[in-house]
Amino acid sequence: MIALAPFHVTTPRKIELKLPAPVAQDLDLYRRLYQDTYGAEVAESDVVREIIRAFLDHDDAFRRYKEVARSKPMSRRGHAKDAVVPKAVLSGGDASPQSSG
């Protein structure tokens, strides 16, 4: 099985992206692999979206950052206010306050 689960039933969305030639060639090759594996043609934009989703879903530091950021109140711009994440959280350590007594 390939790293991406089937996703060929989606709502289309247009994106614009400039890729270096070697990355574009790999993207074409991955689309062929997807078609050979699941028997369905998929758009480049759908493959890019799912690769980004898979990358973000498996990035432990990002997942921890996202959890902390979601727990902060949101600013008017939609960003977590003061979303400073302790380095220990990003590295997987315990960032909870230590009691001194």
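Observations
- Flag if Thr37 is surrounded by 11 or more Cβ atoms within 10 Å (Cβ to Cβ), polar (S, T, N, Q) and modelled with pLDDT of 90 or more: yes
- Residue check, Val68 closer than 28 Å to Val23 by Cα and surrounded by 11 or more Cβ atoms within 10 Å (Cβ to Cβ): no
- Pairing residues of region 9-36 that are in the same structural domain as Ile51 (by TED's automatic domain parsing) with residues that are in a loop (DSSP other than H, G, I, E, B) and modelled with pLDDT of 90 or more, at Cβ distances under 6 Å and at least 6 apart in sequence or on separate chains, gives Tyr34/Val42; Gln35/Glu41.
- Of all residues in region 26-42, none satisfies being assigned to a helix (DSSP H, G or I), touching a Ser or Thr at 6+ places or on another chain (Cβ under 9 Å) and closer than 16 Å to Ala3 by Cα.
The values are calculated or read from the model by the stated rules, or taken from the named source; none is laboratory data. Computed from a predicted model, the values in this text were never measured in an experiment. Glycine gets a Cβ as well: all are built from the backbone with ideal geometry, and neighbour counts include every protein chain shown.
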